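A.B. asks: Sharing a structure here in C-alpha cells format.
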Amino acid sequence: MNKTKQKMIMGVDIGGTKIAFALVSSGKMMTPVYKAETPKGEKILSVVSKFYEKFSKKYLIAGIGISTAGMVSDDGQIVGSTGNIPGWQGTKVKEILQKKYRLPVVVENDANAAAYAEYQVGSAKGANPLLMITLGTGVGGGVIVNGKLVRGAHFAGGEIGHIKLSYTKQRLCTCSRYDCFEAYASGNGLLALIKHYFPDKYKSISTRKLFQLTKSKTKDSILAIRAIEDWHFYIALGICNLFHVFDPEKIVLSGGLSEEVDIKCLLQQTKKLFLPALAKSVHIEKSVLGNDAGLLGAALLASQSL
Ligand SMILES: [Zn+2]
C-alpha cells in the first residue's frame with residue numbers, strides 16, 4: 001500500500017551537552033524528543049543528518065528549524081561566543097544544510113527561539129511586546145515586538161544577560177566583565193550569594209540545598225531566606241531596567257531556576273522599583289513549554305518560511 005507521508009518540520013535544539021530532535025507540525029510535537037550528545041564543531045551537522053535520514057524514511061520533511069546556543073546571523077551562521085560548544089563559532093549552518101537537503105532551513109539563537117514558541121503556543125500567546133527571561137546557569141532572553149523577534153543590527157537582540165545592574169565591579173560575569181544581570185540572577189549569582197551569607201560553609205551548600213534550607217526552620221533558614229530575597233531583588237532590578245525600555249505586555253520566566261521563583265515575592269520587589277504609574281502593569285508568568293521551547297520555536301519559525 002502506498003502510504004501518503006505526513007508533512008513535518010524537523011525541530012533541533014543544540015545545547016552545550018545534548019542535541020534534541022523532534023518532528024513538529026502546526027506547533028505540536030508529533031514524535032517523542034530524541035537526544036544525542038553534542039560533539040565538537042561541525043560534527044554536530046553529521047548528527048543532524050543522521051536524524052534527518054532516520055525521520056525522512058517515515059515522514060515528508062518540509063523544513064528544518066534549528067535552535068542553538070550562541071549568536072546567529074541573519075544568514076544562519078554562528079557568529080557569537082559559544083564557549084560551551086568548541087569549534088561551533090563560524091559554522092554556516094543554514095547554508096550547509098540548505099544545500100544538502102534543498103529545504104528551507106531556519107537557524108535561531110536558543111533563547112530567541114524559545115521566546116517565539118512562548119509567543120505562538122506558550123504561556124504568553126500573542127503578548128505584544130513580550131519579554132522572556134531565561135534563568136539557568138546563565139541568564140538569557142528574547143524580545144518579541146509586533147510578533148517579530150528583535151534580532152538587532154548585530155544579532156545581539158535579547159542578550160539581556162549582560163545589561164549592567166551595578167557599577168561597583170563586585171561580581172565577575174562569565175563574559176569576563178563586571179556586574180552583568182547574569183552575574184547576579186543566574187545559578188552562578190546564587191552561588192555568590194551563598195558565599196556571602198555562609199562564608200564558613202559555602203562549599204557544602206548547593207543552590208538546590210539553599211532552597212531547601214529556606215524551609216528548614218534552623219538558624220540557617222533565616223540566612224537562606226535573605227539570600228533568596230536578594231536573588232528576587234536582582235531579578236526584579238533586571239526586569240525594571242528592561243521594562244522601562246519597551247513596556248512588555250507580558251514577561252515569561254523560563255529555564256531551570258525559574259521553577260524556584262516566587263512570583264508574589266518578585267512582584268513585591270518590582271513594585272518598589274517601578275515608576276508608580278507602572279507598578280500595576282507588570283505581568284509575569286512562568287513558561288509552560290519547559291525544555292522543549294527552543295526546539296518548538298525553531299520549528300515554528302521554519303514553518304513560516306515554507
Ligand atoms: Zn556579562
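The values are calculated or read from the model by the stated rules, or taken from the named source; none is laboratory data. Nothing here was measured: the structure is a model prediction, and the numbers come from that model. Positions of Cβ are backbone-derived with ideal geometry, glycine not excepted, and every protein chain shown enters the neighbour counts. These area figures cover heavy atoms from the full protein model, side chains too; ligands, DNA and RNA do not enter into them. Shrake-Rupley method; radii C 1.70, N 1.55, O 1.52, S 1.80 Å.
A.B. asks: Let me confirm the definition first: pairs of Lys residues in the range 212-273, 8 or more apart or on different chains, C-alpha distance under 20 Å. How many are there?
C.D. replies: Summing the qualifying lysine pairs gives 5.
A.B. asks: Among Ser26, Ser186, Ser176, which one shows the biggest mean-square fluctuation in a GNM of the chain, springs joining Cα atoms closer than 10 Å?
C.D. replies: Looking only at Ser26, Ser186, Ser176, the biggest GNM fluctuation is shown by Ser176.
A.B. asks: Please turn the phi angles of the range 295-302 into ³J(HN,Hα) values with the Karplus equation 6.51 cos²θ - 1.76 cosθ + 1.60 (θ = phi - 60°), one per residue in order, whole Hz, x for glycine and proline.
C.D. replies: Per-residue couplings from phi come out as 4, 5, x, 5, 5, 5, 5, 5 Hz.
A.B. asks: Same structure again: What length, rounded to one decimal in nm, is gained on full extension from Gln304 through to Asn146, with 0.36 nm per residue of separation minus their alpha-carbon distance?
C.D. replies: 55.3 nm
A.B. asks: Something else now. Ignoring ligands, DNA and RNA, what accessible area per residue does the chain give at 1.4 Å, in Å²?
C.D. replies: 50 Å²
A.B. asks: Also, I was wondering about something else. If each DSSP helix of 4+ residues adds -39,500 (n - 2.57) and the sum is divided by the residues in the chain, what number results at 222 nm, nearest 500 deg cm²/dmol?
C.D. replies: -11000 deg cm²/dmol
A.B. asks: Taking the Cα centre of the chain as origin, sum charge times position over the Cβ atoms of Lys and Arg (+1) and Asp and Glu (-1), and report the length of that vector in debye to the nearest 20.
C.D. replies: Result for the chain is approximately 720 debye, rounded to the nearest 20.
A.B. asks: Can you give me the % of accessible surface on the chain that is carbon or sulfur? Probe 1.4 Å, all protein chains present, nothing else counted.
C.D. replies: Answer for the chain: carbon and sulfur cover 51 percent of the accessible area.
A.B. asks: Which Cα, out of Phe181, Gly141, Ser221, lies furthest along the positive dipole direction of the range 126-224 (beta carbon charges, K/R +1, D/E -1)?
C.D. replies: Ser221
A.B. asks: Return the long-range amide H neighbours of Ile61 (sequence gap of 5 or more, or a different chain), with a cut-off of under 5 Å between placed amide H atoms.
C.D. replies: Amide H to amide H, under 5 Å and 5 or more residues apart or across chains, Ile61 pairs with Met8.
A.B. asks: Could you work out how far helix 219-246 tilts from the main Cα principal axis of the chain, as a 0 to 90 degree angle to the nearest 10?
C.D. replies: Helix 219-246 sits roughly 60 degrees off the main axis of the chain.
A.B. asks: Sort 112-124, 144-156, 7-19 for me by packing, meaning the mean count of neighbouring Cβ atoms within 10 Å per residue, highest on top.
C.D. replies: 112-124, 7-19, 144-156
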